[in-house]
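The values are calculated or read from the model by the stated rules, or taken from the named source; none is laboratory data. Just so you know, these numbers come straight off a predicted model, no measurement behind them. Cβ placement follows ideal geometry from the backbone for every residue including glycine, while neighbour counts extend to all protein chains displayed.
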Ligand code: GLY
Ligand code: MN
């Protein structure tokens, strides 16, 4: 946990932003895996963690903007719990660690909220993402299940985004710890990417590295020779010489800050000419986009800078043609990069995505586009110092998309389909880093993870078998 002043300050700033009413933060409960007593590892709600810090199931936090008071509702362990799970501090002692003196048994939460409602005060809560929380909010507030999400407080969402999107020095240090764990995961993945190895051997090994270094992975590992499938969780392929392998993986620290890094390597450790050519285009795009990061620029403009860099590179490779600006304006680059350049990152790997991507990545000055490809851009708005975001361009050869665009006669002025056909066995390449927006520009966070062709080949020259 951070020191208690951090949590007190966060709650005070939240009350100021909110102005009035009661903000209710239901923490998570244990979730069953395949029968009630066989449970997933507990993961606390990130918003609860941010304001109340306690990594413990079955609690709720309340911060009251009218009275200035903060509360933790939760039950002390009973003897049974102690027998199975060991001695635990009492709720009052845990709450004191985050600067809260008002505690009560969980059962008292419902009457506390009823009293506030009877006084005509608004109860603010965030949109829930777990069924158990929906049911609990129904029980606590009397809102029908189907209406709970819609009844979430836009004022609270906006206040939470405003606070959480700016990372402080302690949070940045945690994120860098998570990236340093990712360094170990990715360099191990590179060194294992040899012909004959099954993808799951690598995926399992690097998930183990994350666990061994203190936390779970920050999202299910994406690791595949079929990198053209963007979120590929199938790890059953036997690696073959001549293919490339994408690893998109990150870790969580003990305080649940995350990393999200992607590297792509040639199986066997040496890029062939075709691989090197496309890889260099993605690398140039990754670096051009990173170098453009500074406060005041819209991330959507950096997304389009990346798109132009991809088109320029693919023109040199003979896969695209025509005017670069016109190709991007028409959307021709989306055949190769049908996703957005990146997203906010923090405790959630897609930070605060559960609050609604448009509240996090867009604002009144930047609305989400509806066109194919650009619509998937999770972050479009103007950047501010303290944002942490990912830069993750990619080039993919997705046979079904190539066939569809060609059949529809799309972008005939910009795409050399005959040559693209010969890349249908290529797969995909993505290169992703985690970046802090500083007062004057950017900082690539964490220990640098090899990404130039020379750096990748040097790491892979020392294989792990
Ligand atoms: N790392 C997976 C994603 O950003 O969607
Ligand atoms: Mn990502």
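Computed values, structure above
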quantity	calculated
Breaking point among (1) surrounded by fewer than 21 Cβ atoms within 10 Å (Cβ to Cβ); (2) modelled with pLDDT of 95 or more; (3) touching a helix residue (DSSP H, G or I) at 6+ places or on another chain (Cβ under 9 Å); (4) under 24 Å from residue 222 (Cβ atoms), for residue 441	(4)
The range 216-252, residues that are more than 22 Å from residue 266 (Cβ to Cβ) and away from ligand 1 (no atom under 16 Å from the Cβ)	none
Matching option when the condition is more than 16 Å from ligand 2 (Cβ to nearest atom) and closer than 30 Å to residue 443 by Cβ, among 384, 410	384
Whichever residue in the range 16-42 is in a loop (DSSP other than H, G, I, E, B) and out of contact with any strand residue (DSSP E or B) (no Cβ under 9 Å at 6 or more places or on another chain) and, among such residues, is nearest to residue 148 (Cα to Cα)	28
Residue in the range 322-338 that is in contact (Cβ under 8 Å) with a residue 24 or more places away in the chain, within 16 Å of ligand 1 (Cβ to nearest atom) and under 19 Å from residue 398 (Cα atoms) present	yes
Verdict on residue 165 being within 29 Å of residue 259 (Cβ to Cβ) and touching a strand residue (DSSP E or B) at 6+ places or on another chain (Cβ under 7 Å)	yes
Check on residue 174, out of contact with any helix residue (DSSP H, G or I) (no Cβ under 8 Å at 6 or more places or on another chain), at pLDDT 95 or above and surrounded by 19 or more Cβ atoms within 10 Å (Cβ to Cβ)	yes
Selection count where residues are within 16 Å of ligand 2 (Cβ to nearest atom), farther than 30 Å from residue 56 by Cα and modelled with pLDDT under 95, scope the range 226-263	5
Selection within the range 57-73 - part of a loop (DSSP other than H, G, I, E, B) and within 29 Å of the chain's Cα centre (by Cα)	57, 58, 59
Considering residues of the range 416-435 that are over 17 Å from residue 277 (Cβ atoms) and in contact with a strand residue (DSSP E or B) (Cβ under 9 Å, 6 or more places away or on another chain) only, the residue farthest from ligand 1 (Cβ to nearest atom)	435
Close pairs (8 angstrom Cβ cut-off, 6 or more residues apart or separate chains): over 20 Å from residue 151 (Cβ atoms) and assigned to a strand (DSSP E or B) in the range 350-373, at pLDDT 90 or above and within 16 Å of ligand 2 (Cβ to nearest atom) anywhere	366/380
Subset of the range 406-425 (residues that are outside any loop (DSSP other than H, G, I, E, B) and surrounded by 20 or more Cβ atoms within 10 Å (Cβ to Cβ))	415, 420
Options 428, 361; residue that is within 15 Å of ligand 2 (Cβ to nearest atom), within 16 Å of residue 302 (Cβ to Cβ), at pLDDT 95 or above and surrounded by 15 or more Cβ atoms within 10 Å (Cβ to Cβ)	361
Qualifying residue in the range 299-315 (condition: touching a residue at least 12 places away in the same chain (Cβ under 8 Å), assigned to a loop (DSSP other than H, G, I, E, B), over 21 Å from residue 418 (Cβ atoms) and away from ligand 1 (no atom under 16 Å from the Cβ))	no
